[in-house]
1. Taking the residues in segment 243-268 that are over 12 Å from Phe4 (Cα atoms) and in a loop (DSSP other than H, G, I, E, B) as candidates, determine which candidate is modelled with the lowest pLDDT.
2. If I ask for residues that are of a type in the set (Val, Ile, Thr) and either outside any helix (DSSP H, G or I) or at positive phi (or both), which ones from segment 141-185 would you list?
3. Hey, among Leu13, Leu38, Leu67, Leu50, which residue is farther than 20 Å from Thr225 by Cβ and touching a strand residue (DSSP E or B) at 6+ places or on another chain (Cβ under 6 Å)?
4. Within the set of pairs 6+ apart or on separate chains, which have a first residue in segment 158-174 that is under 12 Å from Pro208 (Cβ atoms), a second that is small (Gly, Ala, Ser), and C-beta atoms under 6 Å apart?
5. Hey, can you tell me all the residues within segment 76-104 that are of a type outside the set (Gly, Ala, Ser), in contact with a Gly (Cβ under 9 Å, 6 or more places away or on another chain) and within 10 Å of Met42 (Cβ to Cβ)?
6. So, in segment 163-184, how many residues would count as being at pLDDT below 95 and acidic (Asp, Glu)?
7. Identify, please: which residue in segment 93-130 is under 24 Å from Gly159 (Cα atoms) and of a type in the set (Lys, Arg) and is, among those, surrounded by the fewest Cβ atoms within 10 Å (Cβ to Cβ)?
8. Filter segment 97-140 for residues that are in a helix (DSSP H, G or I) and hydrophobic (A, V, I, L, M, F, W, C); which is nearest to Lys260 (Cα to Cα)?
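The values are calculated or read from the model by the stated rules, or taken from the named source; none is laboratory data. For clarity, every value in this text was computed on a predicted model and none was experimentally measured. Every residue, glycine as well, gets a Cβ built from its backbone with ideal geometry; the counts of neighbours run over all protein chains shown.
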Amino acid sequence: MKIFADQHIHTDLSPDSSAPAAAYTAKARQKGLTHLTLTQHMDVGHLNPLFNNPPSATAMLAAVRELANAAPEITVGFGVECGYIRQSANEVKKLLESLYQTNKLDFVLLSVHSVGGLDPYEDNYFQGRPLQEAYKVYLEALLESVEYGMPCHAIGHIGYVWKYSSRPVLEAQDFPALCDAILTAIIKAEKAIEINTSSLAIKGEPLPPASYLKRYVELGGRLVTFGSDAHTPGALAQGFGQARQIALDCGITEYAVYKKGGPVMAAL
């Protein structure tokens, strides 16, 4: 079997992408994908004004239709990547609930892109504190995001704090109590973990790394999604073959594809 669904894709409606939705058509066909979910950024409260201005539902739905019309054989889902920020969490929750009420939203990916007003991929996030403290503070923010109760389906790119740097991979054994607390909260809330492949070419590990995935399975977790975090067509489904093998090695045998909020399970 192969992974046929990429559930983390950005278009030019996200401030860090310039790709029109229809531009993903050729690569999706080349990769044999049958399901794509567009997940535009929704980072209300982010200090970067480009991110603190999410696109309208009308614009996001238009992008979904654009891609669906360009590739009618592919199912295109309407999703968002919701960035958790404590100060704006209530506002974001209301925005999501409004989208659910219109029965238009297929998938919500909850991510942490801001910790204490700083983006963890920026060097200034690490300035003035030891590496382990910077990692711990990120994990505490991640745990808070899961426990808040945001109406989401999956937790995105766990380990984002090490993705863009030369710093070491954050392993489950580095902070075992926090790791277990996060994974247990995800399982209790019946959310999925995203296996994000954007870090594979950089670090040789997905987000989260294999150590987290193994522990997730040991604790009883079973729901996972796969996302390339593509911002350009060339990155679509990047590393999916490698990520599939990592998942299998960790004891994961199926993955979830979300349609109108419900998971449909597919074998790996």
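1. Here the residue is Gly261.
2. Ile155, Ile158, Val169
3. On the way: Leu38 fails: farther than 20 Å from Thr225 by Cβ; Leu67 fails: farther than 20 Å from Thr225 by Cβ; Leu50 fails: touching a strand residue (DSSP E or B) at 6+ places or on another chain (Cβ under 6 Å).
Just one listed residue meets the conditions, Leu13.
4. Lys163/Ser199; Leu170/Gly159; Glu171/Ser211; Ala172/Ser211
5. Scanning segment 76-104 gives Glu81, Cys82, Val92.
6. 0
7. Arg129
8. Leu99
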